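These notes concern the structure reproduced below.
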Amino acid sequence: MAATKRRSSVLASALVLLLLLESSSAQYGGRRQQQRGGRQRQAQQEGDYYSVLGLRKGTSSKEIKKAYKKLALQFHPDKCKDCSDDERQTNEKKFVEVAEAYSILSDDKKRGIYDKYGKSGLEAHEKGMDPDAAGFGGFPGGGGGGQQFHFGGGGGGFDPFSMFEEMFGGAGVGGGGRGRGGGFPGGGGGRPPAQELFPKGGDVAPLGKAKFPDAKSKFLWLVVFYDNSDQDCVNAQPAVVQLAKKTRGTFKVGAINCGRSQAEAEFCASKVDVQALPAFGMIVDGEFSAMEQGRMPSAKKLHDFAVEKMPFHLVQNINHVSHVNDRLMASVSKERKSAAILLLSDKYETSPLYASLSYQYRKNFIFGESRAKNLALAKEFGVKKYPTIVVISGKIDKYDGEMKPDALTKWLDSLEERFGVAEKKKKR
């Protein structure tokens, strides 16, 4: 009887041990399967063209182009001249991956095949096969490699630098270029640069990082950021030129070619969204204010934006005889200016031209304005017609010229010479 009990106990213990081993094996197998699945999903995500560009499937063509331009500038090999070998190789690999992803996703036909069949389907398509008939399926990033990219232009596949030059109008990154005879326009290889939208000597002044107006600038500036190869920029060019012609003397219009070089592209990116060119902004006293825009702005909208940013606060409101001394001349004395300029007007608002003059000559004069035909001030200064401008220093002088930008600036320049404060070289 005792022997039977011992045998039963041994059998029970063995059965429990067997069950424990099976449970442990099942859990281990499950973990291995999860790990394999996780690695597969990670590999799939890393190889997915959308993930390479930081996008999701269904993204618009505009967003795809925007992502490519940003990443291509970020990982261009010429930007990594002082990097270690490992960093340089990483940049080159990423640059190629970004170019490959864009080459597929920017092509509607290839993108459609990729979305439906993945990279394997693309390979079949490149070989002249029907992906559907060949039985390819699966998800994007699921094995295989689409196109093969090579540095240099000696054949053997698509050159990602050709794509870069096509996108940025031949602009390189740092002046070297890799295997293409130089990175800047005219340096060999690539397509000819697009026609310059705002050439030197035109109504719109060419600007750049080295010539960007600062707080010392004499003038107000409306700036357009553009790329010669961008069709939206080409479409906007007539409106910008039209505005520059109509506002001459009130504010200057300048343009920065963001596609000229990597340095200019990075400078542009510090001011505006370079993926949404053309972009606009106003510079007042060295402060840059970007224009919020949806649709392409007209010349009128650009003008309204510029006027909105103008420094009307530099023009003091003089609506009583006592204000001449209490405000104007007190400011002249306090700020050590040469004289006060007072406009007597029949208007109810300060004109953009007068506000601009107050900015251009802010270093030496204090500006004021008497609006709406103030009779007391008209009598004080012997004014019989409007508008009239007087200069107040030790004596009072009236301006008797035309109320036009060129004539007014010439007169104010002569006043600076008269007071011995004229600058030898005018500031941009």
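The values are calculated or read from the model by the stated rules, or taken from the named source; none is laboratory data. Keep in mind that this is a model prediction, so the values were computed, not measured. Cβ: placed from backbone, ideal geometry, glycine included. Neighbour counts: every protein chain shown. Surface accessibility is based on the protein's heavy atoms, side chains included, excluding ligands, DNA and RNA. Shrake-Rupley method; radii C 1.70, N 1.55, O 1.52, S 1.80 Å.
Regarding residue 309, is this residue basic (Lys, Arg) and farther than 30 Å from residue 394 by Cα?
Values: basic (Lys, Arg): yes; farther than 30 Å from residue 394 by Cα: yes.
So residue 309 fits the description; yes.
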The correct count of residues that are part of a loop (DSSP other than H, G, I, E, B), open to solvent by less than 50 Å² (accessible area, probe 1.4 Å) and of a type outside the set (Phe, Trp, Tyr) in the stretch 209-228 is 6
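Report yes if some residue within the stretch 291-302 is in contact (Cβ under 8 Å) with a residue 24 or more places away in the chain, among the hydrophobic types (A, V, I, L, M, F, W, C) and buried (at least 21 other Cβ atoms within 10 Å of the Cβ); otherwise report no.
So the first thing to find is which residues in the stretch 291-302 are in contact (Cβ under 8 Å) with a residue 24 or more places away in the chain, and the list is 296-299, 302.
Filter again for among the hydrophobic types (A, V, I, L, M, F, W, C), leaving 296, 299, 302.
With buried (at least 21 other Cβ atoms within 10 Å of the Cβ) added as a condition, the list becomes 302.
Checked against the condition, which is being in contact (Cβ under 8 Å) with a residue 24 or more places away in the chain, among the hydrophobic types (A, V, I, L, M, F, W, C) and buried (at least 21 other Cβ atoms within 10 Å of the Cβ), the stretch 291-302 yields at least one hit.
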Answer from 272, 234 - the residue that is of a type outside the set (S, T, N, Q) and assigned to a helix (DSSP H, G or I):
234
Would a scan of the stretch 264-279 turn up a residue that is open to solvent by less than 10 Å² (accessible area, probe 1.4 Å) and among the β-branched types (Val, Ile, Thr)?
no
Among residues belonging to the stretch 61-99 that are open to solvent by less than 60 Å² (accessible area, probe 1.4 Å) and among the polar types (S, T, N, Q), point out the one that is nearest to the chain's Cα centre (by Cα).
91
Only one of these is buried (at least 16 other Cβ atoms within 10 Å of the Cβ), among the polar types (S, T, N, Q) and either over 18 Å from residue 217 (Cα atoms) or modelled with pLDDT of 95 or more (or both): 393, 414. Name it.
393
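Restricting to helices (runs of 4 or more DSSP H) lying wholly in the stretch 48-129: which have 1 or more residues that are touching a Pro at 6+ places or on another chain (Cβ under 7 Å) and modelled with pLDDT of 85 or more?
Numbers: elements: 49-52, 61-75, 85-105, 108-126.
Result: 49-52, 85-105, 108-126.
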How do the pairs read when you match residues in the stretch 364-393 that are farther than 21 Å from residue 312 by Cα with residues anywhere that are in a loop (DSSP other than H, G, I, E, B) and of a type in the set (Lys, Arg), using Cβ under 8 Å and keeping only pairs 6 or more apart or on different chains?
378/384
Checking residue 198 against (1) at pLDDT 90 or above; (2) assigned to a loop (DSSP other than H, G, I, E, B); (3) open to solvent by less than 30 Å² (accessible area, probe 1.4 Å); (4) in contact with a helix residue (DSSP H, G or I) (Cβ under 7 Å, 6 or more places away or on another chain): exactly one of these is not met. Which one?
(4)
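Quick grid of which residues meet (1) small (Gly, Ala, Ser); (2) under 17 Å from the mean Cα position of the chain (by Cα):
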site: 214; (1), (2): no, no
site: 218; (1), (2): no, no
site: 223; (1), (2): no, yes
site: 230; (1), (2): no, yes
site: 250; (1), (2): no, no
site: 257; (1), (2): no, yes
site: 263; (1), (2): yes, yes
site: 266; (1), (2): no, yes
site: 273; (1), (2): no, yes
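Results for (1) among the aromatic types (Phe, Trp, Tyr); (2) under 38 Å from the mean Cα position of the chain (by Cα), shown as yes or no for each residue.
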{"position": "305", "(1), (2)": "yes, yes"}
{"position": "308", "(1), (2)": "no, yes"}
{"position": "326", "(1), (2)": "no, no"}
{"position": "334", "(1), (2)": "no, no"}
{"position": "342", "(1), (2)": "no, no"}
Pair list, Cβ < 7 Å and 6+ apart or interchain, from the stretch 404-415 residues that are in contact (Cβ under 8 Å) with a residue 24 or more places away in the chain to residues that are part of a helix (DSSP H, G or I) and surrounded by 15 or more Cβ atoms within 10 Å (Cβ to Cβ)
405/353; 408/357; 412/357
Across (1) within 30 Å of residue 357 (Cβ to Cβ); (2) open to solvent by 30 Å² or more (accessible area, probe 1.4 Å); (3) part of a helix (DSSP H, G or I), residue 244 clears everything bar (2)
